[in-house]
Every structure is written in structure tokens, then in C-alpha cells.
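To start, the structure under review is shown below, and the notes come after it.
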Amino acid sequence: MGLPRSTLHWVLYELARSGWVRRARRGLYLVDETERGGPAPHPFALATALVDPSAISHWSALAHHGLTEQVPRIVTASTTKDVVTPRMRADRKDASRPDEAASTWDVGGLKIRYVRVRPEQFWGIDDVWVDEFSRVSITDRERTLLDGFVAPEVFGSLHEVVGALEEHVTEVDLARLVEYALRYGQGATIKRLGYVLEQLGTDSKVIRPLLDAPVRGYRLLDPQGLARGSHVTRWRIRDNVAA
């Protein structure tokens, strides 16, 4: 609009004071029309605008793709950045606050959790229109499920991820899921996924690359579980879920 910086600061202050915009963080404002009967900013749009680059992922992406009926209370996004939220800055001065609260960004009651990934692992992402105003980055169906095998603790447990895969296995491009696992290159994830896919009756030709991937030692099927259960030599997996 050609406003000088000093005028812009005053305009933003007045707009925020009168409720036409809300300050999400320094330098980022959002238009919220809810008090006047209009739309609120889409939570996914706000989450990806707060941190750039980022993509909606994990539970939020699982729900977006219709792979779970649960409605996540927290928006989850992946990013290549080290995110320092206002709460985290405060917690450096108060060690008594829990880590989970510190890792979450709270914007007007909307809680957003960012999961850091390495730049070379930031892929499997589509740009999707989530409403008439907002186009955001979201991990695709296969990458979302893969993330469940990479970090099941973000989903609550491996059981949640396996349940989603089992219920919607016909909607998933299993060849792409296998390709993604190999591209990610984490031995535990490769064998964990392969073992589960075999249990679900997946064609042996599809999962053969996972079986052939060289991995030393045994990996726990559920990394959050106890080190117990039978050793599955074929997959180098210790099934601590069936135990």
C-alpha cells in the first residue's frame, strides 16, 4: 500500500487494538473475522505461516487424509528449523515447567507442535487447498504413515499407526510407501514397516526390497515398549507388541 514503516506500525497497532487483526508473533498478523460473523484463519494456514518452511504432518495429516476418526487437539507440523516458541523461552527461566508444554506454540488457544526433520528428509509433501483462502503444505498419505513408523511416539503409540494402516490399506500406495521407507534410509523403520506389511498380507514382491535391506542387529517393533518378545530372524525384529 506504500505506507511508510512508522505509519504501518501505527496502523497494525490500531487494527490489533480494535480486534480486526491478531498478532501471532512478531511480524505476523492474522485477520480474524469471527467476532463479525466471518471466517477464522484455518489452523493449518496459521501453523505453516508461523514457521517457514513447514508442512502439516503426523496426527494432523492423518486426520486430513481420513486415516483416523480422531480429531487432534494439537496441530502438528514438520519443519527443518529449530523452533523456539515463546513458552520455550520462558521455560529457560523456569525449569519446573514440563517439556511437552514447552515444545508447543500456543496462539490464541490454538496449540501447534513442530517436529524437526533434517532438510534431506523434508519430502513427500503436497500443496493442498484447505479452504477458499489457504493453500498449505501437507505430508501426503504415504509419508504420513511412514512418519508413524519413524516416530510412533508422536502418534501416541505404534498401535495407532498400525491400526490406521490396517483399516485403510486399500487406499494406500504400498509401493510408494516402501519406496519412501528405503529413501528415508533408517534401518529400524525399514524392518518395522516390512514386518507389519507382511502381517497385513501385502504381496511379497512389494515388500521384498524392505526384506533385502541390510540391517545389523535386532530392532524393537515398538521402540516405546519393553525389550521383550520373540526375535523374528527374517525381519531382524523383536516383536515386543505380541509379547
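Check off (1) surrounded by fewer than 16 Cβ atoms within 10 Å (Cβ to Cβ); (2) of a type in the set (V, I, T); (3) touching a residue at least 40 places away in the same chain (Cβ under 8 Å) for T170 and give me the number that stays unchecked.
T170 satisfies every listed condition except (3).
Give me the pairs: first residue in the stretch 226-243 and more than 17 Å from S157 (Cβ to Cβ), second residue assigned to a loop (DSSP other than H, G, I, E, B), beta-carbon distance under 6 Å, and six or more apart or on different chains, which are they?
Note: pairs meeting the criteria are H231/Y218; R236/V215; R236/Y218.
What is the one condition in (1) within 17 Å of I125 (Cβ to Cβ); (2) not assigned by TED's automatic domain parsing to the domain that holds W235 that F149 does not satisfy?
In the conditions (1) within 17 Å of I125 (Cβ to Cβ); (2) not assigned by TED's automatic domain parsing to the domain that holds W235, F149 misses (1) alone.
The values are calculated or read from the model by the stated rules, or taken from the named source; none is laboratory data. This structure is a prediction, so every number in the text was calculated from the model and none was measured. All Cβ positions, glycine included, derive from the backbone under ideal geometry; neighbour counts span all protein chains shown.
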